[in-house]
Amino acid sequence: KAASYGLDWKDIDGVMEKLQEEILEYKKADTKTSKQEELGDIFFTLVNFARWIDIDSEIALQESTSKFITRFKRIENYCTRTETKFNELSFEEKENLWEKSKSTKI
């Protein structure tokens with residue numbers, strides 16, 4: 001609604017600049033409350049970015065979450081089949097499994 005009243009960036013570059021500004025503000029935040037506020041501003045700006053590129057931000061987040069869950073389940077299944085304890089793996093081994101989980105090669 002605000003955009004329909006002209007309260008909007010003039011182009012997508014303005015949105016990108018705002019996102020960079022909000023990330024810098026988050027980095028400077030020194031309390032949990034201020035970090036939460038700045039993170040909210042980042043989310044809000046990302047939603048506006050999605051609007052600018054005609055992407056439904058809720059659908060994009062749902063799809064990304066679903067993709068994460070699918071990959072994580074592949075890793076869980078692999079660990080069960082191979083009797084591997086995921087929490088005992090090194091970071092590099094976990095990263096390797098994560099990369100493999102992006103395909104069906106796990």
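The values are calculated or read from the model by the stated rules, or taken from the named source; none is laboratory data. Predicted model, so just to flag it, every value in this text is computed and none were measured. All Cβ positions, even for glycine, are placed from backbone atoms using ideal geometry, and neighbour counts span all protein chains on display.
In segment 45-55, what residues are free of Cβ contacts under 8 Å to residues at least 12 places away in the same chain and either assigned to a helix (DSSP H, G or I) or farther than 30 Å from LEU24 by Cβ (or both)?
Those that are free of Cβ contacts under 8 Å to residues at least 12 places away in the same chain and either assigned to a helix (DSSP H, G or I) or farther than 30 Å from LEU24 by Cβ (or both): VAL47, ALA50.
Just to check your reading of the model, which residue among GLU58, GLU92, GLU63, GLU76 is in a helix (DSSP H, G or I), charged (D, E, K, R), at pLDDT 95 or above and surrounded by fewer than 10 Cβ atoms within 10 Å (Cβ to Cβ)?
Answer to the check: GLU92.
Quick check on my filter: what residues within segment 43-65 are within 15 Å of the chain's Cα centre (by Cα) and among the charged types (D, E, K, R)?
ASP56, GLU58, GLU63
Does segment 22-42 hold any residues that are part of a helix (DSSP H, G or I), surrounded by 13 or more Cβ atoms within 10 Å (Cβ to Cβ) and either without any contact (Cβ under 8 Å) to a residue 12 or more places away in the chain or under 16 Å from the mean Cα position of the chain (by Cα) (or both), and which are they?
GLU22, ILE23, TYR26, SER34, LYS35, GLU37, GLU38, LEU39, ASP41, ILE42
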